[in-house]
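Notes to accompany the following structure.
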Amino acid sequence: MMPLLPARSRHRRGIATAAVIGIACALLPISALNAAAKNATPSSLPEAEFRRISAEQYRNIIHDVFGPTVELGGRFEPELRLNGLLAVGASSIAATAVGMEQFDAIARSIASQVVNQKHREQMIPCQPAAVTAPDDACARRFLGKVGRLLYRQPLPGRQLDAHVGAAHVGAEGVKDFYRGLALSLGAMLSSPQFLFRKATLEPDPEQRGGYRLDAHAKASQLSFFLWNAGPDLLLLKAAESGELNSRKGLARQVDRMIASPRLEAGVRAFFVDNFRFDDTVSITKDVALFPKYNAQVMANAREQTLRTIVDLLLKQKGDYRDLFTTKKTFLTRELGAIYRVPVVGTQPNGSPDTWEPFEFPPNDPRGGILTQVAFTATHSPAGRGSPTLRGKALREIILCQKVPAPPGDVDFTLVNNTTSYNTARERLAAHATEPMCAGCHKIMDPIGLALENFDGAGEYRTTENGAPIDASGELNGVKFSDPSGLGRAVHDDPAAATCLVNRLSAYALGRVPANAKQPWVALLQKSFAANGYRVPELMRTIATSDAFYRVAPKGEPSPPKQKAAATTLPQPEIRK
């Protein structure tokens, strides 16, 4: 937060605030922003889309522009999940009045840090002629530089003039150049141009009647997809020089970005969204039943799965499907207690948060991300495991198959009856005798029961209430006897790879692929298989595709609402 002004200067604060208000527009709902874009363009131009940047993207941009020592306080408004992805929901959310206050507070905090004694020499490329007075030349040099990165395109002259003018009035009012600069920078950080990604369009010379993203929107589309952050200076220069509008130039930039260590951030962001890891923050367990479980264990469990993904897909350049069978992972000492594996820290004093590589023996029933705590504990209630929830999660998250919601009047007495029935298999068999429950349970329980060797906290077990656990099951006609068998069945099920391609293409576009893009999605499916199911190659194919940047001509029919989920995520047959 910026320091409070002395009483005698409060009237000067009002002058500075009025100047900032002149350039900082209040955030509008998405519908209003789209309407404004529609009114500002020819009637034949499709509506420009606006997507609010995520909290993680906000952090990445701030750290890219101002460095990792700038702290982000405050809370971000909840994001909306549509068609399985927060990235798709980002085009349907805006900022409420409360959310705007939060953005404003965060912006002012960041701005005050940027200009303080600790950071100003590193972040501001010039010094004012006098600290107690405006210096328009220095303000213009700084605001033009950071504005280009924050807004993801150069600031038009009039807009830069407005920001410089606000800094001038602010500095005059408070007799402090740096605090005046902070007022203008804070306005930038709470403006729609920073908080929202606008898909600015232009006519497509290769598609009659069609449109494509302009060069700067193209750069943003590319950088948020591959790096989960705004464009860097090299990408902005490529946009401004016209390089991104040539296939060779675009390929050069894509190759550069995929070769960068920053690709890991983009891969992590996709899988956090796709696997719904935002849900892990709110997971709680009954500590009397699961004393080894705590919030840190769940944080480590999420990181374990992400490290497994990054190691296999990026470092080993492996097959995506092997995520469900790999015996290799990473553990901390706290996770080792859950997995009953000794983990010896190699850092000074055996630091408990040290990550160590670990590989389960070939004959161990554990292996693959479905047997990791991040999956088994997340998809369980507070006091027990749940084959039904785990089976539902596998169907919906991994295979993109929608499971109907249960009727509102279902009686769960039999499911919770541990007196008459020792194991979950016995309880679910009794529960499934109810006609209204049988159909859905047939597509969830046979796969969820394969994970019954894991209790509600993800710890391995062989018995429940003294009775041996039967972990056999079936997935789309493929039978197996243990969790490893389930992993192999998922590995070999075509729906797993199909789901990944559909989700990644929707994530990249930020919307349900329209009917016109279905042939493109089909080509992505073929390319993914031909390239050995390697995710970086799939990302490269998406990022270099014309369809990634093209917008269909106005008037093309959208998918019917009742079929939206199926259009985005084709539903492989579920055998009952």
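Pairing each residue of region 252-275 that is open to solvent by 20 Å² or more (accessible area, probe 1.4 Å) with any residue that is part of a loop (DSSP other than H, G, I, E, B) and hydrophobic (A, V, I, L, M, F, W, C), provided the two are 6+ apart or on different chains, yields C-beta distances under 8 Å for Arg262/Ala229; Ala265/Ala229.
Check Arg302, Arg321 and return the single one that is within 18 Å of Gly456 (Cβ to Cβ) and not in a strand (DSSP E or B). Being within 18 Å of Gly456 (Cβ to Cβ) and not in a strand (DSSP E or B) holds for just one of Arg302, Arg321, which is Arg302. Go through region 145-179 and give me each residue that's outside any helix (DSSP H, G or I) and within 35 Å of the chain's Cα centre (by Cα). Within region 145-179, Tyr151, Arg152, Gln153, Pro154, Leu155, Pro156 qualify. Checked against the criteria, His441 counts as open to solvent by less than 60 Å² (accessible area, probe 1.4 Å) and at pLDDT below 70. When the residues of region 481-491 are filtered to those that are of a type outside the set (Gly, Ala, Ser) and open to solvent by 20 Å² or more (accessible area, probe 1.4 Å), the one that is farthest from the chain's Cα centre (by Cα) is Asp482. Scanning region 294-325 for residues that are under 19 Å from Glu537 (Cβ atoms), buried (at least 19 other Cβ atoms within 10 Å of the Cβ) and touching a strand residue (DSSP E or B) at 6+ places or on another chain (Cβ under 9 Å) gives a single hit, Leu312.
With respect to Val114, is the statement that it is in contact with a helix residue (DSSP H, G or I) (Cβ under 6 Å, 6 or more places away or on another chain), at pLDDT 95 or above and open to solvent by less than 20 Å² (accessible area, probe 1.4 Å) true? So that I can check it myself, show each step before the final result.
Numbers: in contact with a helix residue (DSSP H, G or I) (Cβ under 6 Å, 6 or more places away or on another chain): yes; at pLDDT 95 or above: yes; open to solvent by less than 20 Å² (accessible area, probe 1.4 Å): yes.
So Val114 passes the test.
With respect to the conditions (1) at pLDDT below 95; (2) within 18 Å of the chain's Cα centre (by Cα), Gln221 lacks only one, and its number is (1). All conditions in (1) farther than 24 Å from Gln193 by Cβ; (2) open to solvent by less than 60 Å² (accessible area, probe 1.4 Å); (3) in a helix (DSSP H, G or I) hold for Gln122, with the sole exception of (2).
Within region 390-423, being at pLDDT 85 or above and either surrounded by fewer than 16 Cβ atoms within 10 Å (Cβ to Cβ) or of a type in the set (Ser, Thr, Tyr) (or both) holds for one residue alone: Lys402.
Report, by residue number, each residue of region 283-299 that is over 23 Å from Gly367 (Cβ atoms) and assigned to a helix (DSSP H, G or I). Hits for region 283-299 are Ala295, Gln296.
Going through (1) open to solvent by less than 20 Å² (accessible area, probe 1.4 Å); (2) at pLDDT 85 or above one by one, Pro494 falls short only on (1). From the list Pro387, Pro381, the lone residue that is buried (at least 24 other Cβ atoms within 10 Å of the Cβ), more than 22 Å from the chain's Cα centre (by Cα) and either modelled with pLDDT of 90 or more or closer than 22 Å to Thr284 by Cβ (or both) is Pro387. The condition of being aromatic (Phe, Trp, Tyr), free of Cβ contacts under 8 Å to residues at least 60 places away in the same chain, assigned to a helix (DSSP H, G or I) and open to solvent by less than 70 Å² (accessible area, probe 1.4 Å) holds for only one of Phe76, Phe142, Phe103, that being Phe142.
Give the residues of region 51-73 that are among the acidic types (Asp, Glu), assigned to a helix (DSSP H, G or I) and more than 13 Å from the chain's Cα centre (by Cα), sorted by residue number.
Within region 51-73, just Asp64 meets the criteria.
Would you say Lys248 is of a type in the set (D, E, K, R), touching a Ser or Thr at 6+ places or on another chain (Cβ under 8 Å) and open to solvent by 40 Å² or more (accessible area, probe 1.4 Å)? No: the conditions fail for Lys248.
Total residues in region 281-293 satisfying the condition of being open to solvent by less than 60 Å² (accessible area, probe 1.4 Å) and either modelled with pLDDT of 95 or more or among the hydrophobic types (A, V, I, L, M, F, W, C) (or both): the figure is 2.
Taken over region 263-282, the criterion of being assigned to a loop (DSSP other than H, G, I, E, B) and over 15 Å from the mean Cα position of the chain (by Cα) is satisfied by no residue. For the condition assigned to a helix (DSSP H, G or I) and either farther than 22 Å from Ala496 by Cα or at pLDDT below 90 (or both), Asn349 qualifies. Of all positions in region 204-211, none carries a residue that is touching a Phe, Trp or Tyr at 6+ places or on another chain (Cβ under 6 Å) and at pLDDT 95 or above.
Of all residues in region 478-488, none are under 18 Å from Leu389 (Cβ atoms), part of a loop (DSSP other than H, G, I, E, B) and at pLDDT 85 or above.
The values are calculated or read from the model by the stated rules, or taken from the named source; none is laboratory data. Predicted, not measured: the structure shown is a model, and the values here were computed from it. With ideal geometry, Cβ positions are generated from the backbone for all residues, glycine too; neighbour counts draw on all protein chains shown. Heads up: the accessible areas ignore ligands, DNA and RNA and are worked out on the full protein's heavy atoms, side chains in. Shrake-Rupley method; radii C 1.70, N 1.55, O 1.52, S 1.80 Å.
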